[in-house]
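Values in this text are rule-based calculations from the coordinates and carry no lab data. Just so it is clear, the structure is predicted and the values come from calculations on it, not from any experiment. All Cβ positions, glycine included, derive from the backbone under ideal geometry; neighbour counts span all protein chains shown.
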């Protein structure tokens, strides 16, 4: 029988949180900013997945959510915890999945000739929200990587993921017949 997990532990009442591996850090630590933003991104992806989108897109989004959980786990691991999360490392194949999806979806789209403004449809707008949260996650992870070791392919994955969300916003609008709004300067 599995042990029941209690939602509250009271261990964070002192302003610290436990890492995978057992050490504790302040809740404002760069590490927490990095994996907290990845968690926020995962929630944004869940919102997109809850809308009416094609099954192949839903499947891809579910895969992305699992990878984001892996990334969060890796970022939440101290030196001791790395042994527990080693199998969750991002692989070149994971990046290739995103690149293949981007290439496949872009084949359907008209060439991009202008900057476009986010919006036009709730799902399109939510894809842009995910894109911008992903860019923030990337900034936090890169900042964190200046003081702690971060797997380089993890950073590449997050970078490619923001590109994916841009293309997902465009293809979603295109398939729904939503016109793109061009930036007028």
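Numerical summary
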quantity: Contacts under 7 angstrom Cβ, first residue in segment 89-113 being surrounded by 10 or more Cβ atoms within 10 Å (Cβ to Cβ), partner part of a loop (DSSP other than H, G, I, E, B), 6 or more apart; calculated: 89/151; 90/151
quantity: Residue list for segment 119-130, restricted to those being crowded, with 16+ Cβ neighbours inside 10 Å and outside any helix (DSSP H, G or I); calculated: 120, 121
quantity: Unmet criterion (only one of (1) closer than 18 Å to residue 31 by Cβ; (2) in a loop (DSSP other than H, G, I, E, B)) for residue 84; calculated: (2)
quantity: Test: residue in segment 126-133 that is touching a residue at least 24 places away in the same chain (Cβ under 8 Å), farther than 27 Å from residue 34 by Cα and in contact with a helix residue (DSSP H, G or I) (Cβ under 6 Å, 6 or more places away or on another chain); calculated: no
quantity: Number of the condition not met by residue 139 [criteria: (1) surrounded by 13 or more Cβ atoms within 10 Å (Cβ to Cβ); (2) in contact (Cβ under 8 Å) with a residue 12 or more places away in the chain]; calculated: (2)
quantity: Criterion: in contact (Cβ under 8 Å) with a residue 12 or more places away in the chain, in a helix (DSSP H, G or I), surrounded by fewer than 18 Cβ atoms within 10 Å (Cβ to Cβ) and touching a helix residue (DSSP H, G or I) at 6+ places or on another chain (Cβ under 8 Å) - qualifying residue of 46, 72; calculated: 46
